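These notes concern the structure reproduced below.
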Amino acid sequence: MANRLEFKGIKEEAQDSICKISDRESKPYLFADPDNVTGFKCSLGKIGDKPSYLFEFIQTMWGNDEIFEYILLDDTQIDLSQFGEVKEDTIQKLNITYKYTLKKGLFSRYLYNVYFEYKNERYYLFVKTIAPRLNKILNTFRTN
């Protein structure tokens, strides 16, 4: 069983950041804004010329947390049940209900698959962390 969704047949084009794209395009995209970022990547995934997702990877504190954020731009369907029992919670800061799964990985890692919607945009996150602190990580999300 895989730990996260894999998007196949996608060509990625490097981008500056979801924050800058949000500002440039006047879109209320959410993006992670944690402290102590040590790794970062942003790209636009396309199938042919059609955008499929915006992707951002953030690593904090030399690998303690890894956040893989996808803003789904096409009709890709997300089925979290393939990763285990689906639970529900709320990002208190933004009052957003989200669904998630939790799996204990190797080396005391906690692996979360998360799905939610915000202002007509759909988000899929894969979060790898060293402690069960998904709520703390999700509460770093903000919009411009």
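Could you list, in their original order, any pairs among LYS8/LYS93; LYS27/LYS87; LYS50/LYS87; LYS20/LYS46; LYS99/LYS119 whose Cα atoms are separated by more than 25 Å?
Details: LYS8/LYS93 33 Å; LYS27/LYS87 29 Å; LYS50/LYS87 32 Å; LYS20/LYS46 19 Å; LYS99/LYS119 16 Å.
As for pairs spanning more than 25 Å Cα to Cα, those are LYS8/LYS93; LYS27/LYS87; LYS50/LYS87.
I need the shape label for region 38-116. Rule: rounded when a/c is under 1.5, else prolate if a/b > b/c, else oblate, with a, b, c from the alpha carbon gyration tensor.
Working: a/c = 1.62, a/b = 1.18, b/c = 1.37.
Oblate.
In terms of Cα to Cα distance under 20 Å, which aspartates and glutamates are near enough to LYS11, apart from those fewer than 8 places away along the same chain?
Partners within reach: ASP49, GLU56, GLU69, ASP74, ASP75.
Can you give the Rg and Dmax of region 37-81 based on its C-alpha atoms, in angstrom?
12.8, 36
If ligands, DNA and RNA are left out, what is the accessible area of ASP35 with a 1.4 Å probe, given in Å² to the nearest 10?
Rounded to the nearest 10, that gives 120 Å².
Would you tally the net charge around THR38, using a Cβ to Cβ cut-off of less than 13 Å, leaving THR38 out, and scoring K and R as +1, D and E as -1?
Details: positive: LYS41; negative: ASP35, ASP65, GLU66.
So the surrounding residues net to -2.
Counting only protein heavy atoms and using a 1.4 Å probe, what share of the accessible area of the chain belongs to carbon plus sulfur, as a whole percent?
Exposed carbon and sulfur together represent 47 percent of the surface.
Could you state the accessible area per residue of the chain in Å², with a 1.4 Å probe and every protein chain left in place? Kindly include the intermediate steps, with their values, before the conclusion.
Numbers: 7900 Å² over 144 residues.
Heavy-atom SASA per residue in the chain reads 55 Å².
Take every Cα pair under 8 Å in the chain that's 6+ residues apart, average their separations, divide by the length, and report that relative contact order as a whole percent.
Values: 304 pairs, mean separation 33.0, N = 144.
Reported relative contact order: 23 percent.
Could you give the semi-axes, largest first, of the ellipsoid that matches the chain, computed as the square roots of 5 times the alpha carbon gyration tensor eigenvalues and rounded to whole Å? It would help to have the intermediate numbers written out before the result.
Values: eigenvalues 96, 62, 52 Å².
Whole-Å semi-axes of the equivalent ellipsoid: 22, 18, 16.
The values are calculated or read from the model by the stated rules, or taken from the named source; none is laboratory data. The model shown is predicted, which means the values in this text are computed figures rather than measured ones. Every residue, glycine as well, gets a Cβ built from its backbone with ideal geometry; the counts of neighbours run over all protein chains shown. Only protein heavy atoms, including side chains, enter the accessible area calculation; ligands, DNA and RNA are left aside. Shrake-Rupley method; radii C 1.70, N 1.55, O 1.52, S 1.80 Å.
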